[in-house]
Every structure is written in C-alpha cells, then in structure tokens.
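Below is one structure; the comments refer to it alone.
The values are calculated or read from the model by the stated rules, or taken from the named source; none is laboratory data. Just so you know, these numbers come straight off a predicted model, no measurement behind them. Please note: Cβ atoms are built from the backbone with ideal geometry, for glycine as well, and neighbour counts cover all protein chains shown. Ligands, DNA and RNA are excluded from the accessible area calculation, which covers all protein heavy atoms including side chains. Shrake-Rupley method; radii C 1.70, N 1.55, O 1.52, S 1.80 Å.
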Amino acid sequence: MDKILIRGGSPLRGEVQVSGAKNAALPLLCATLLAPGTHELRNLPNLRDIDTAVQLLHIMGAHTTAIAPGTARINADEIACAEAPYDLVRTMRASVLVLGPLLARLGYARVSLPGGCAIGARPVDQHLSGLEAMGAKIDLEHGYIEARAERLQGARIYLDIPTVGGTENLLMAATLAQGRTIIENAAREPEIIDLAKALQNMGAQIEGAGSDAITIHGVEKLRPMNHAVMPDRIEAGTFMVAAAISRGDVLVRDAEAEHLEAVISKLRQSGAEVHCVPEGIRVRCEGPLQPLRIKTSPHPGFPTDMQAQFMALLTQAEGTSIISENVFENRFMHVSELQRLGARIRVDGRQATVDGRVELLGAPVMATDLRASASLVLAALAAENTTEISRIYHLDRGYERLEEKLSHLGADIRRVR
Ligand code: EPZ
C-alpha cells in the first residue's frame, strides 16, 4: 500500500500541466460502444479509473490500443458481451454509463447496480426512469439491471435532479433512438458539452448541451469518434487551491476559466489573485486569506468536487467559514482526517463550520475518497512537519502523477511503497 509523505511550508511556484478530464474521459470511452469502427481519443489522463474503463470495454469486445501517451484507438466492431460485472462496477461506479450505449446499440444490457460509495447512496433511479420513458423494459434482480428495448423511442424526459451521469446515459441512448428526445432539467456540466461534441463528431444530432434542456434527433447509425478530451477542471481547481494554501504563485496550464467561474470567484473572495491568461490560469497568494460562505450545487454553481479542497484552504483563513454540501449526503469524510492535523471543524448535517487561524501539524492520516485525499494533500502542504497519507489508491483514481507535479512546483513530497 503506497503512502505519500509531505513536509509542509514551501510556497509552490512555477507551472503545472493539467491532464485530460477523468469525468469527461469516462463517458467518452463508454460512447465508443455506440458505433462500430475504430475510434480515436486523445488527451486521455493516465488514471486507474481509465484503466478500469478500458478493461470494461475489453470485456464487451471493444479493443483498445495505446498509440501514444494519452492517445488510444478503440475498435468497437464486435460488441459481443453486453454485461458489466459487479466486480468491475463496484470498483468504478461510472461503469453504469455503458447502460445507455449498450441498449442503443444491441437492444440489451445487463449492468450491475453500482451500489453506494463513501460519499453517498448514489442511486441510479433517474437513469432507469429515463430509459423506461424511451421504451426500455427494466428489471432489477440479484443486484443487476436487466434492460431490453427492440429500439428505443424518442421521449420527453424530465429529470427530478440534474444528474450528471443520468444526463450522460440518456444523451448517449437517445442518439440512436427512433425520433426526438428532449431531456429537461439536464445537467449543465462542461463534461456534458464535451460528450455532446464527441457524439456530434460521430454524426449525432444534438442541440442544447450545456443548457438544462437537451434535444436529440435519433439517427440510424453513428460513425467512430475522433476527439480530444477536455482539460480536467477539478484537477485544475485543486492546483489553484494548492497555490493559495501554500502562499505561492502557480500557472495552471490549459485550465479553462469558463469551466471554473465559481471556483475563481471564491478564490478571489478569499483574497488570492487569479489571472486568466491565454496559457491557463495563474494564482498568486501572499496576503491573509478571508473566510468564505460556500454552498455546493450543480453546474454552474460551486462544484461539489471542489468542496473538500476549499475546506482545507479555509482552515487557514482569518475567521470562521461555513460550507454547505448540497449535492451528496455524506461528503464530509475528510473532516475527521483534517481534524487529526489540527483543523477545528464542526459538522451539523450538510453544513460544516470551519474555524480559521489554525496551525496545522503534520500527522498520519488516511484517504477515504478521491477528493478527500486531495484535501489532505493540500492541508499537508500548509502543515508544520511531515504528514503521512495512507490509502492513496483513492488519489490515483483521479490525479495523474500528483506527487510529481507538486514536487515540480517545489513541494517537499514523495511516495513511499
Ligand atoms: C458525477 O457523478 C461525477 N463523476 C462526480 O465526480 C461528481 O461529484 C458528480 O457528477 C456531481 O457533479 C463522474 O462524472 C464519473 P450525479 P454522478 O448523478 O453522475 C443523486 C469525482 O470526485 N442521484 O450528478 O454519479 C446522487 O445521489 C466524482 O470525480 C439520484 O438521486 O453524480 C447525488 O446525490 C465524485 N438519482 C446527486 O444526484 C440518480 O439517478 C448528484 O449525482 C442519479 C443521481
């Protein structure tokens, strides 16, 4: 079990390159199931979750060849198996995103129910009710989703919540449905726009991606995609917070300001300087940090995936901050670990009160989920002495070579086997 050791106190300085977005790459890989032929995906991040997704495609009959770092060719001529097994789905919930493409291409899919995870129950009821609205017959048995449809029919679907995965599954399914589908109350995340761009490149007819109403006119068949994955806005946001918490000066290369408006606004409110430049986003922070009021919400609101990172930052603010986590029901797992470093945080339901002016002291801590791990790394950068973070396989799911990138910025960080 690898661990990461960080000795805090060094301001981060220099440039860091953002990798391709995990949460765009995963649905894009699933979308290759929609069309035979050889797809090409570029700017793929080198992450455990991507490896898991490639393994899943392989089980189904799609074969992936790496032709350069971050570039893969996926041949989806023969999709023989329409089953996503439990042992894979439980390691990566996003596997449920094969459901829509398999139903659309083969008329059948058997996908293990993802089950919950550290941050919440994470049901998929919206995915299923949307597919039923399109004529799919859905049975749940022995922990599996069995879905059948001669041919999906276009429908007007109203999502109860703007679910990212639900929007992605239904968007992909609708591209090959008979007739027109409208997804109302759709998620507006940038990853949805990236997926829609790739689907349009495959010949899909989609309007309104990025708005809360997406219209899809089904077509008879699609051609392979040739697409470059968008930059990872959450990785970018994490490095922006790293610059602020370490009182450094960092250029986050290829970060896209339009994907990070809420994060930029909050960083500026906290007193950091944020400059949006053609190469990316530069964050400098020398003065005191101001406390904040943060409420997570679906895009374009403040992203829940940046909540843990900001909590670490706000332990260093000149006063008390309040964070409300409104998207997931249990996304404060990082609090108890931050408290081990000396943070003073009180949780009451979905609200966390974070005292500022806290001297963080290095200690052994344990990662519990992907973004919680990132928040421990950030706190360790500001802590006295050395912090040892275990269970960093959580970190490897969503951050490519994080210790290398941070060490390149001057952090005293190393991975020990
Ligand atoms: C995606 O998860 C991301 N994962 C998550 O990132 C991110 O936190 C989340 O969107 C919200 O932005 C990927 O893209 C692979 P949701 P997803 O469906 O699609 C409830 C990370 O750290 N819900 O928008 O699973 C659900 O329980 C990960 O990179 C239903 O009730 O998120 C949650 O409370 C973590 N019924 C809320 O909606 C449903 O059918 C948002 O979930 C679907 C969701």
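A few remarks follow.
- Filtered by the rule that a residue be buried (at least 19 other Cβ atoms within 10 Å of the Cβ), within 16 Å of the ligand (Cβ to nearest atom) and not hydrophobic (A, V, I, L, M, F, W, C), segment 378-395 gives a lone residue, HIS394.
- Check on LEU361, surrounded by fewer than 22 Cβ atoms within 10 Å (Cβ to Cβ), in contact (Cβ under 8 Å) with a residue 24 or more places away in the chain and more than 18 Å from ILE294 (Cα to Cα): yes
- Whenever a residue of segment 111-123 is within 6 Å of the ligand (Cβ to nearest atom), its partners that are open to solvent by less than 60 Å² (accessible area, probe 1.4 Å) and of a type in the set (Phe, Trp, Tyr), lying with C-beta atoms within less than 6 angstrom and at least six residues away or across chains, give the pairs GLY120/PHE328.
- For segment 103-132, a residue qualifies if it is of a type in the set (A, V, I, L, M, F, W, C), over 26 Å from PRO36 (Cα atoms) and buried (at least 18 other Cβ atoms within 10 Å of the Cβ), and the qualifying residues are LEU113, ILE119, VAL124.
- Being over 19 Å from VAL358 (Cβ atoms) and touching a Gly at 6+ places or on another chain (Cβ under 8 Å) is a property that holds for PRO303.
- Against the test of being modelled with pLDDT of 95 or more and either of a type in the set (Asp, Glu) or closer than 28 Å to ILE413 by Cα (or both), the options PRO45, PRO27, PRO36 yield a single qualifying residue, PRO45.
- Any chance ILE74 is open to solvent by 10 Å² or more (accessible area, probe 1.4 Å) and out of contact with any Cys (no Cβ under 9 Å at 6 or more places or on another chain): no
- Listing of helices (runs of 4 or more DSSP H) fully contained in segment 239-348 that carry 1 or more residues being without any contact (Cβ under 8 Å) to a residue 40 or more places away in the chain and surrounded by fewer than 21 Cβ atoms within 10 Å (Cβ to Cβ): 261-269, 334-340
- Hits in segment 143-160 - residues which are surrounded by fewer than 21 Cβ atoms within 10 Å (Cβ to Cβ) and in contact (Cβ under 8 Å) with a residue 40 or more places away in the chain: GLY143, TYR144, ARG148, GLU150, ARG151, GLY154
- Positions within segment 200-238 being closer than 21 Å to ALA177 by Cα, β-branched (Val, Ile, Thr) and not in a loop (DSSP other than H, G, I, E, B), in sequence order: ILE206, ILE214, THR215, ILE216
- All conditions but one from (1) more than 16 Å from the ligand (Cβ to nearest atom); (2) under 12 Å from CYS30 (Cα atoms); (3) open to solvent by 20 Å² or more (accessible area, probe 1.4 Å) apply to VAL54; the one that does not is (1).
- Selection status of ALA94, within 16 Å of the ligand (Cβ to nearest atom), open to solvent by less than 50 Å² (accessible area, probe 1.4 Å) and over 19 Å from VAL229 (Cα atoms): no
- Candidates LEU41, LEU29, LEU33, filtered to the one that is in contact with a helix residue (DSSP H, G or I) (Cβ under 9 Å, 6 or more places away or on another chain) and farther than 23 Å from GLY107 by Cα: LEU41
- Test: residue in segment 269-290 that is within 16 Å of the ligand (Cβ to nearest atom) and within 13 Å of ALA244 (Cβ to Cβ): no
- Residue within segment 175-185 that is within 14 Å of the ligand (Cβ to nearest atom) and surrounded by 24 or more Cβ atoms within 10 Å (Cβ to Cβ) present: yes
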